[in-house]
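Everything on this sheet refers to the single structure shown next.
The values are calculated or read from the model by the stated rules, or taken from the named source; none is laboratory data. Please read these numbers as outputs of a predicted model, since none were measured by experiment. Heads up, the Cβs are rebuilt from the backbone with ideal geometry, glycines too, and the neighbour counts pull from every protein chain shown. Heads up: the accessible areas ignore ligands, DNA and RNA and are worked out on the full protein's heavy atoms, side chains in. Shrake-Rupley method; radii C 1.70, N 1.55, O 1.52, S 1.80 Å.
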Amino acid sequence: MTSLAAPVPPVPTDVPPASIAWLRASVARFSNGADHDRRRALAVDLLAEVEPEVLRRKAFDAAGGDPRLVVVGVLAGELGLPVAASDVVTAAAAYHPHVPPSADAEAALGRLVAACGGPTELTAARIGLLIQACEATAGLIRNAVPLVRAGKPPEEAVAEVLRADPPVSHTRRRVRGEDVLVPLAGTPFGAGPRECPGPAHAIALATGVLAATPG
(Lines give C-alpha, C1' and ligand atoms only; values in the text may rest on other atoms or scores of the structure.)
Protein backbone atom coordinates (compact mmCIF):
# COMPACT_ATOMS: atom_id res chain seq x y z
CA MET A 1 0.00 0.00 0.00
CA THR A 2 1.29 3.46 -0.87
CA SER A 3 2.25 5.50 2.17
CA LEU A 4 0.60 8.80 2.97
CA ALA A 5 4.15 10.12 3.33
CA ALA A 6 4.69 9.83 -0.45
CA PRO A 7 4.84 13.17 -2.31
CA VAL A 8 1.73 14.70 -3.80
CA PRO A 9 1.49 15.11 -7.58
CA PRO A 10 3.16 18.39 -8.55
CA VAL A 11 1.17 21.28 -10.01
CA PRO A 12 2.36 23.96 -12.47
CA THR A 13 4.09 26.88 -10.77
CA ASP A 14 4.54 29.31 -13.68
CA VAL A 15 0.98 30.60 -13.46
CA PRO A 16 -0.91 33.93 -13.43
CA PRO A 17 -1.16 35.52 -9.96
CA ALA A 18 -4.50 35.41 -8.16
CA SER A 19 -5.77 32.60 -10.41
CA ILE A 20 -7.02 29.15 -9.43
CA ALA A 21 -3.73 27.77 -10.74
CA TRP A 22 -1.86 30.26 -8.53
CA LEU A 23 -3.81 29.05 -5.48
CA ARG A 24 -2.96 25.43 -6.22
CA ALA A 25 0.70 26.36 -6.64
CA SER A 26 0.75 28.34 -3.37
CA VAL A 27 -0.96 26.14 -0.78
CA ALA A 28 0.49 23.34 1.32
CA ARG A 29 -2.07 20.84 -0.04
CA PHE A 30 -0.33 20.57 -3.42
CA SER A 31 3.25 21.27 -2.31
CA ASN A 32 6.16 19.07 -1.32
CA GLY A 33 9.33 19.45 0.74
CA ALA A 34 10.23 22.79 2.30
CA ASP A 35 7.41 24.58 0.46
CA HIS A 36 4.88 22.26 2.06
CA ASP A 37 6.37 22.62 5.53
CA ARG A 38 6.44 26.42 5.36
CA ARG A 39 2.93 26.73 3.95
CA ARG A 40 1.42 24.21 6.36
CA ALA A 41 2.96 26.14 9.25
CA LEU A 42 1.07 29.24 8.08
CA ALA A 43 -2.22 27.33 8.21
CA VAL A 44 -1.42 25.86 11.63
CA ASP A 45 -0.60 29.33 12.99
CA LEU A 46 -3.84 30.77 11.63
CA LEU A 47 -5.94 28.04 13.26
CA ALA A 48 -4.05 28.39 16.54
CA GLU A 49 -5.84 31.73 16.97
CA VAL A 50 -9.29 30.11 16.60
CA GLU A 51 -10.92 28.35 19.54
CA PRO A 52 -12.87 25.23 18.43
CA GLU A 53 -15.52 25.70 21.11
CA VAL A 54 -16.25 29.18 19.77
CA LEU A 55 -16.70 27.67 16.30
CA ARG A 56 -19.11 25.11 17.71
CA ARG A 57 -21.29 27.75 19.40
CA LYS A 58 -21.32 30.04 16.38
CA ALA A 59 -22.06 27.16 14.00
CA PHE A 60 -25.03 26.24 16.18
CA ASP A 61 -26.31 29.82 16.03
CA ALA A 62 -25.80 30.05 12.24
CA ALA A 63 -27.14 26.59 11.33
CA GLY A 64 -29.75 26.33 8.61
CA GLY A 65 -29.58 26.13 4.84
CA ASP A 66 -26.46 25.13 2.92
CA PRO A 67 -23.91 23.74 5.43
CA ARG A 68 -21.07 24.90 3.18
CA LEU A 69 -22.11 28.52 3.63
CA VAL A 70 -22.48 28.05 7.38
CA VAL A 71 -19.07 26.40 7.79
CA VAL A 72 -17.27 28.95 5.64
CA GLY A 73 -19.08 31.93 7.12
CA VAL A 74 -18.30 30.96 10.71
CA LEU A 75 -14.67 30.05 10.04
CA ALA A 76 -14.03 33.16 7.96
CA GLY A 77 -15.53 35.30 10.71
CA GLU A 78 -13.21 33.83 13.34
CA LEU A 79 -10.22 34.26 11.03
CA GLY A 80 -11.20 37.89 10.51
CA LEU A 81 -11.61 37.49 6.75
CA PRO A 82 -14.20 39.72 5.04
CA VAL A 83 -15.07 37.26 2.29
CA ALA A 84 -18.32 36.12 0.72
CA ALA A 85 -18.95 32.49 1.64
CA SER A 86 -20.52 31.97 -1.78
CA ASP A 87 -17.19 32.92 -3.42
CA VAL A 88 -15.44 30.23 -1.39
CA VAL A 89 -18.01 27.63 -2.47
CA THR A 90 -17.57 28.63 -6.12
CA ALA A 91 -13.77 28.56 -5.98
CA ALA A 92 -13.78 25.28 -4.04
CA ALA A 93 -15.45 23.52 -6.99
CA ALA A 94 -12.27 24.12 -9.04
CA TYR A 95 -9.67 23.63 -6.29
CA HIS A 96 -8.37 20.22 -7.30
CA PRO A 97 -5.90 20.07 -10.21
CA HIS A 98 -7.95 17.60 -12.27
CA VAL A 99 -10.90 20.05 -12.42
CA PRO A 100 -10.77 22.75 -15.15
CA PRO A 101 -11.63 26.09 -13.51
CA SER A 102 -14.68 27.93 -14.79
CA ALA A 103 -14.81 31.66 -15.40
CA ASP A 104 -17.01 31.99 -12.32
CA ALA A 105 -14.43 30.15 -10.20
CA GLU A 106 -11.63 32.40 -11.46
CA ALA A 107 -13.67 35.52 -10.72
CA ALA A 108 -14.55 34.28 -7.24
CA LEU A 109 -10.93 33.47 -6.51
CA GLY A 110 -9.89 36.94 -7.62
CA ARG A 111 -12.32 38.49 -5.15
CA LEU A 112 -11.09 36.21 -2.37
CA VAL A 113 -7.45 37.12 -3.02
CA ALA A 114 -8.29 40.82 -2.92
CA ALA A 115 -10.24 40.42 0.34
CA CYS A 116 -7.49 38.36 1.98
CA GLY A 117 -4.54 40.64 1.31
CA GLY A 118 -3.32 40.08 -2.25
CA PRO A 119 -1.45 37.16 -3.86
CA THR A 120 0.89 36.05 -1.06
CA GLU A 121 1.48 32.68 0.59
CA LEU A 122 -0.40 33.92 3.67
CA THR A 123 -3.40 34.77 1.50
CA ALA A 124 -3.21 31.33 -0.10
CA ALA A 125 -3.12 29.74 3.37
CA ARG A 126 -6.20 31.72 4.42
CA ILE A 127 -8.17 30.81 1.32
CA GLY A 128 -6.94 27.22 1.43
CA LEU A 129 -8.28 26.78 4.96
CA LEU A 130 -11.70 28.06 3.92
CA ILE A 131 -11.83 25.92 0.78
CA GLN A 132 -10.68 22.74 2.47
CA ALA A 133 -13.19 23.26 5.28
CA CYS A 134 -15.99 23.98 2.81
CA GLU A 135 -16.77 20.67 1.10
CA ALA A 136 -15.16 18.29 3.58
CA THR A 137 -16.85 19.63 6.70
CA ALA A 138 -20.18 20.06 4.92
CA GLY A 139 -19.85 16.46 3.74
CA LEU A 140 -19.22 15.35 7.32
CA ILE A 141 -22.38 17.17 8.38
CA ARG A 142 -24.49 15.71 5.57
CA ASN A 143 -23.32 12.17 6.30
CA ALA A 144 -24.09 12.56 10.01
CA VAL A 145 -27.56 14.13 9.69
CA PRO A 146 -29.42 10.78 9.36
CA LEU A 147 -27.73 9.51 12.52
CA VAL A 148 -28.65 12.62 14.48
CA ARG A 149 -32.24 12.46 13.27
CA ALA A 150 -32.29 8.84 14.44
CA GLY A 151 -31.42 10.01 17.94
CA LYS A 152 -27.64 9.76 18.10
CA PRO A 153 -25.86 12.67 19.86
CA PRO A 154 -23.93 14.91 17.43
CA GLU A 155 -20.51 13.97 18.84
CA GLU A 156 -21.25 10.25 18.47
CA ALA A 157 -22.70 10.74 15.00
CA VAL A 158 -19.58 12.58 13.83
CA ALA A 159 -17.30 9.93 15.31
CA GLU A 160 -19.26 7.17 13.56
CA VAL A 161 -19.13 8.96 10.20
CA LEU A 162 -15.40 9.54 10.52
CA ARG A 163 -14.95 5.85 11.22
CA ALA A 164 -17.32 4.35 8.67
CA ASP A 165 -18.31 6.96 6.06
CA PRO A 166 -15.83 9.86 5.96
CA PRO A 167 -16.49 12.60 3.41
CA VAL A 168 -12.95 12.28 2.05
CA SER A 169 -12.08 8.64 1.47
CA HIS A 170 -8.93 8.92 -0.69
CA THR A 171 -6.07 11.27 -1.43
CA ARG A 172 -3.61 11.47 -4.33
CA ARG A 173 0.10 10.66 -4.18
CA ARG A 174 2.89 10.44 -6.78
CA VAL A 175 4.64 7.06 -6.90
CA ARG A 176 7.31 6.25 -9.50
CA GLY A 177 6.00 8.94 -11.81
CA GLU A 178 2.36 7.85 -11.57
CA ASP A 179 -0.52 9.43 -9.68
CA VAL A 180 -2.25 6.96 -7.38
CA LEU A 181 -5.20 7.12 -5.00
CA VAL A 182 -4.38 6.29 -1.40
CA PRO A 183 -7.28 5.27 0.90
CA LEU A 184 -7.76 7.19 4.13
CA ALA A 185 -9.47 4.31 5.96
CA GLY A 186 -8.77 4.71 9.66
CA THR A 187 -7.17 8.12 9.12
CA PRO A 188 -9.98 10.43 7.93
CA PHE A 189 -7.88 13.52 8.62
CA GLY A 190 -4.72 12.05 7.12
CA ALA A 191 -1.58 11.25 9.09
CA GLY A 192 2.01 12.33 9.50
CA PRO A 193 3.32 15.64 8.15
CA ARG A 194 0.27 16.05 5.89
CA GLU A 195 -2.37 15.51 8.55
CA CYS A 196 -5.22 18.03 8.41
CA PRO A 197 -4.13 21.07 10.46
CA GLY A 198 -7.57 21.51 11.99
CA PRO A 199 -9.41 18.29 12.88
CA ALA A 200 -10.71 19.75 16.14
CA HIS A 201 -12.00 22.79 14.26
CA ALA A 202 -13.79 20.66 11.66
CA ILE A 203 -15.40 18.49 14.33
CA ALA A 204 -16.49 21.58 16.28
CA LEU A 205 -18.11 23.15 13.21
CA ALA A 206 -19.87 19.89 12.35
CA THR A 207 -21.17 19.17 15.85
CA GLY A 208 -22.38 22.76 16.20
CA VAL A 209 -24.50 22.52 13.07
CA LEU A 210 -25.71 19.04 13.93
CA ALA A 211 -26.75 20.12 17.43
CA ALA A 212 -29.19 22.50 15.76
CA THR A 213 -30.55 19.83 13.39
CA PRO A 214 -34.19 18.92 14.08
CA GLY A 215 -34.66 15.35 15.21
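Here are some notes:
- Solvent exposure, largest accessible area first (probe 1.4 Å, DNA, RNA and ligands not counted), of 61, 35: 61, 35
- Dipole magnitude for segment 53-202: about 200 debye, using +1 per Lys or Arg Cβ and -1 per Asp or Glu Cβ, origin at the Cα centre.
- Whole-percent carbon and sulfur share, accessible surface of segment 1-58, 1.4 Å: 55
- Among 190, 73, 151: highest mean-square fluctuation, GNM of the chain, C-alpha pairs under 10 Å: 151
- Rough spin-label spacing in nm, given labels placed 7 Å along Cα→Cβ, for residue 44 and residue 96: 2.6
- Once the C-beta distance of residue 14 and residue 66 is scaled by a Förster radius of 30 Å, the resulting FRET efficiency is 0.25 to the nearest 0.05.
- Residue 170 - accessible surface, heavy atoms, 1.4 Å probe, Å² rounded to 10: 90
- Mean-square fluctuations from a GNM of the chain, with a 10 angstrom spring cutoff on Cα atoms, peak among 77, 139, 110 at 77.
- Per residue solvent-accessible surface (Å²) - the chain, probe of 1.4 Å: 47
- A Gaussian network model of the chain, with springs between Cα atoms under 10 Å, assigns the largest mean-square fluctuation among 106, 49, 160 to 49.
- The trypsin sites (Lys or Arg not before Pro) found in segment 113-187 that occupy coil by DSSP, while having at most 16 further C-beta atoms within 10 Å, are 176.
- The convex hull defined by the C-alpha atoms of segment 57-215 has an orientation-averaged projected area of 10.0 nm².
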